[in-house]
Structures are given as structure tokens and as C-alpha cells.
Amino acid sequence: MRQTTLYAHTKFQIAPVDPRIFGGFLEHIGRAVYEGVFDPDCRHADEDGFRTDVMDAMKHQSMTVMRYPGGNFASGYHWMDGVGPQKLRPTVRELAWQSIEPNAFGTDEFIRLCRKMDWQPMLTVNLGTGSPEEARNWVEYCNCPAGTNFADIRVGNGEEMPYDVGLWCLGNEMDGHWQLGHVPADQYAIRAQQAAKMMKDADRRIELVACGSCSVDMFDTYMEWDRQVLDYLGDYADYISLHRYVGNPKDDTPDYLAVTNSIDRQIEEMDAVCRFVQARRRSDKRTYLCFDEWNVWYKNRETDGEGKFAPHLVEEVYNLEDALVVSGFLNSFVRHADSVRIANIAQIVNVIAPLITRGDDLLVQSIYHPFTMYAGRQEGTSLRTFVDGAGYMSESYGRVNYIDAAMIQNDRKLHVFVTNRSTDTDVPLRIVLEDRPIESLVSAEILTGGQDPKAANSFEQPDLVGKQPYREIKVAGGRSQCFLPPLSFAAMTFELEKW
């Protein structure tokens, strides 16, 4: 295959990368909470019941923000059920996933976990079966000083100082007919505006995420829902959400790996809606994008908990090609740093997740590794990157380059992220920063799985897919050269020459 060259220039900048694009999502579904992050009976449990093995693994991912408690779960969740002494909390029939919810894990436990993990908390209010006033009260409970009703309830539960939760989602997937409390866009907009005003009256510092289109396949409402909601909410909406789950049901690896074209397009379409509404309203405020649910999900579709506690739901097994698609999501977020400010992989443990627990054991899945390879390389400014090289035609997504790429510059450091979509060929890769020579290689890792797209880790074979040091990189004449193996993802950090 002919050489591919990545071109960039330090003056051709997109925007600073918001670290919140490296976020996660924790929902009360299946074993995500119970037997996931919270398992007091596990031998790895700490004094608060959190699994230290899970926490230790997640720390290597360097996630920055965590969305909670849903998801579909949020539209039937009443936050008061999950605070106060655990033995007094009600056990309820949870309707989104048809599971038994004991409410042993709630707001206070979540905030405690966020503090241990250095996550920024992001709460989703119930605008399905809940009320705007209930949402406002939750803001008071979390963010206001002692001296009023709900703030004093927090103090009575053992937390004198406010939690200062800065990010709040105005419901979840309210455009979906499956959602508890689903209504048309105009009715959701009224409900969201009522909640937004009261929530910001309780704490003017908070930022709000409006529910956007939850799927590009919602043909009757996609983008039109968003236009109506943003037009009505006006400046109350700091962000609008978008969701995306992808997969390979046709078992066509090259076509599957080309899905990044569609991810890029979804981001650009949603940003266009935001800009259109801003222009039409003659507003100075831009609404940014919050990609607060995304992942690979298509193999395990079991979502009926059958009235059980912590049932095994949507526990997807991930392989090498899935990990490469996850790297493509992250690359796309970096390439769109001017519009995407928050993103949350769904989810973090057991449920469509990078980590799986089995009793006291823990398995690291393939999609875990792209996050760890971005860790330590998250800060800086996204550079416009031009890929000059061979490509192919995808049946579903059009033409793509074999190399998918993103770059971040942080002073003298240049972070380069590249995915080779080719199933059988090394790609000679040259990296050129046109206005500033590359001085040396600082570090590099590569994710591989023996070039088998279906290679997947298991408890019996936990290391089939993983990252390792990438040493086949040369720097000469101010440029870098390497050979990228088929079906691989590499993350590299270079030192640039001083000016």
C-alpha cells in the first residue's frame, strides 16, 4: 500500500479539547451499579461498599465526568427514594428495565464515588414521570447551603457542604416512544423550560443539557425535534444531547470501521441545527453538543429484567473491531472540539461496558484500551489534520481513508492518534507538522489483537486484545515515519523543536 501522510499546521486550529469529552455514564440497569461499582459483599469492597478493583481499573481510563442515574431509568426515578438511611429507602419495581431497585445506591453514594474517582458529577433529572419542581428540589439538595428544606435534608444525611453539581440533563431521550413520559417536542420543551428556570433560579451557576434527538434513525423527528426544543428553550440550553449506538450486524468489518463518516456527519448536522436556531433567534449564545450516550451495542439486546434484582442485561462481549470503532468515536470528538464539549461512553461496568465483573473477578474488555491510550494525552488544542493516502468505498458510509486520525498539540507536545482500518495490510505512515519540526518521540502505544477482528478477551484468555509499547517509529528531518499494522490503533506523543 502506498504511503499515507498526515499533514497539520499549528496555526490551523480547531479549538481547545474539552476534557469532558472523555466521560462515562452509570445507569441503574442490570449489574452496572449493583455487582458493578457498588458491591458491599465483594472481597474488594472498601468501607463505602465500592469495588476497589473496578475503581483501580477505571482510574487508568482517566474519565473526567460521569452521567447518572440514567438513561431510561431516569424517567421513572424519584431522587428522594435514594437518600437518607439505606434501611429506610423504598424497594421499587423499576419500569424502564423491569428490575427490582432497592435504592441502596443514590445521590450521596454517587457523589462519594465521584470524589474518590475525581469525576465531575452530571445528574439527569426526571422529566418523564417527575415534575419540574422535583428537579429544582434536587438542585437545592445538591448545591445550596444549609438553611432551607432540601439543603437541610442533605445536612441531616451527613453532608454539611454542598455537592456543587455543575451539569444537569433535562431528562433523557424524551423524543423516544419507549420513554416513560414521552411527549411531542413542543410539550417536552414547555416542561424543560419550566424545569430549567426553577433549577437555575436555585443555582445560577449550573449548566443544562436539553434532550436532543436520540437517534439518527428517528426519521420523523431527527433534527426537527432539536430545532423546536432549542427555539423554545432559548438561552436556558447550554448544551443539547445526542446519542449513538453502532454495530456490525452484517459482519462486514471494513464497512463497520467506516462508521466514523456517519459519526462525523451526525455531529455536524446537530451543530448546524444549533447554529441555525442561534442565528434565527439573533442570540449571542451558542449551544454546544453533549454526546452523552455512545458506544458499540448490537450483539446482546436483553433488556427485560423480569422483576429481578441486578439481572444480567446487555452484557456485550467486545472484540478488536469494536475497540477500533471506539477509537474512531474519540478521534471524531477531538476533530470536532469546536462543537462537542461533553461525551459519555455508555456504560462503564458490566452493561455494554469496558469492564466486566464475575464474582470477585474482573475482566478488561477490548474497548477499555482506547481510553487508557488517550489518558495523559487529553489536554491541548485540536489541530486540523489532512489525511493524504489510500482508502476504500464502504457500502453504508461512502469513501473513507484507511487511516483515521486526530491530533492534539499541547505546547511542545504533539499527540497523534491513528487507526488503520485495513484488514490485511500495513500502512506506511508519515507525520508532517508543516510549520514546526518534530524533535523526538516521547511515548507510543499500539492496540492490536493478532489482526483478528473478532479477537475478544475472556476470563479464560484475558489478554488476546491489548495495548503494548509501539517502538516502530522513526523521527528524522523533523518528521516521523512508521508502519501501522492492519486493524490497529496507535497513540503517540512527540516533542517538538523549540521556537
Under 14 Å, Cβ to Cβ, from Asp220 - net charge with Lys/Arg +1 and Asp/Glu -1:
-3
Among rounded, prolate and oblate, which fits the chain when a ≥ b ≥ c are the square roots of the eigenvalues of its C-alpha gyration tensor, a/c under 1.5 means rounded, and a/b larger than b/c means prolate?
prolate
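How charged is the neighbourhood of Ala96? Take every other residue with its Cβ under 12 Å from the Cβ of Ala96, and add Lys/Arg as +1 and Asp/Glu as -1. Provide the component values of the computation, followed by the final result.
Values: positive: Arg93; negative: Glu27, Glu94, Glu101, Glu173, Asp304.
Cβ neighbours under 12 Å give a net charge of -4.
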Local electrostatic count, Ser440, Cβ distance below 10 Å [Lys/Arg +1, Asp/Glu -1]
-3
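How large is the accessible surface per residue of segment 182-251, computed with a 1.4 Å probe and reported in Å² as a whole number?
On the way: 3070 Å² over 70 residues.
Using a 1.4 Å probe on heavy atoms only, each residue of segment 182-251 averages 44 Å².
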Checking the a/c ratio against 1.5 first, then a/b against b/c, what shape does the Cα gyration tensor give for segment 359-422?
oblate
Scattering profile of segment 150-262 at q = 0.13, 0.16 Å⁻¹ [log10 I(q)/I(0), Debye over alpha-carbon scatterers]:
-0.64, -0.82
Would you please classify the overall shape of segment 239-338 from the alpha carbon gyration tensor, given that a ≥ b ≥ c denote the square roots of the eigenvalues, rounded means a/c under 1.5, and beyond that prolate means a/b larger than b/c while oblate covers the rest?
oblate
For segment 1-126, give the percent of accessible area contributed by carbon and sulfur heavy atoms, probe 1.4 Å, rounded to a whole number.
50
At 7 Å along Cα-to-Cβ for each site, give me the label-to-label distance between Ser62 and Phe309 in nm.
3.9
Sorted by average packing, counted as other Cβ atoms within 10 angstrom per residue and highest first, what order do 124-135, 304-315 take?
124-135, 304-315
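Once the Cβ-Cβ distance between Arg282 and Asp118 is put in as r, and R0 is 30 Å, what FRET efficiency do you end up with, to the nearest 0.05?
Values: r = 40 Å, r/R0 = 1.34.
In this case the efficiency is close to 0.15.
Given a 1.4 Å probe and every protein chain left where it sits, what share in percent of the accessible area of segment 403-482 is carbon and sulfur? Please list the in-between numbers first.
Working: 1500 of 3530 Å².
The value for segment 403-482 is 42 percent carbon and sulfur by accessible area.
Could you provide, to the nearest whole Å², the per residue accessible area of segment 362-401 with probe 1.4 Å?
Working: 1580 Å² over 40 residues.
So segment 362-401 comes to 39 Å² accessible per residue, rounded to a whole number.
Compare the peptides 74-81, 5-12 by average per-residue count of other Cβ atoms within 10 angstrom and give them in order, highest first. Intermediate results must be reported in sequence, preceding the final value.
Details: 74-81: 22.0, 5-12: 16.8.
Peptide ranking by packing, descending: 74-81, 5-12.
Determine the alpha carbon to alpha carbon distance for each of Lys308/Lys454; Lys87/Lys116; Lys285/Lys498; Lys413/Lys467 and list only those over 28 Å. Before the final figure, lay out each step's value.
Details: Lys308/Lys454 32 Å; Lys87/Lys116 24 Å; Lys285/Lys498 38 Å; Lys413/Lys467 21 Å.
Those over the limit are Lys308/Lys454; Lys285/Lys498.
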Stretchable slack from Asp81 to Arg471, in nm (0.36 nm times residue separation minus alpha-carbon distance):
135.1 nm
Average accessible area per residue (Å²) across segment 449-493 - probe 1.4 Å, nucleic acids and ligands excluded
51
Percent accessible area from carbon and sulfur atoms, segment 146-251, protein chains only, probe 1.4 Å
50
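Rank-order 426-432, 364-370 by packing density, defined as the average count of other C-beta atoms within 10 Å over each peptide's residues, highest first. Walk me through the numbers on the way to the answer.
Values: 426-432: 19.0, 364-370: 24.9.
Packing order, densest peptide first, comes out as 364-370, 426-432.
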FRET efficiency, Ile153 to Ala45 (Cβ-Cβ, R0 30 Å, nearest 0.05)
0.65
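The values are calculated or read from the model by the stated rules, or taken from the named source; none is laboratory data. From a predicted model like this one, the values you see are computed outputs, not experimental measurements. Reconstructed Cβ throughout: ideal geometry from the backbone, glycine too, with neighbour counts over all protein chains shown. Surface accessibility is based on the protein's heavy atoms, side chains included, excluding ligands, DNA and RNA. Shrake-Rupley method; radii C 1.70, N 1.55, O 1.52, S 1.80 Å.
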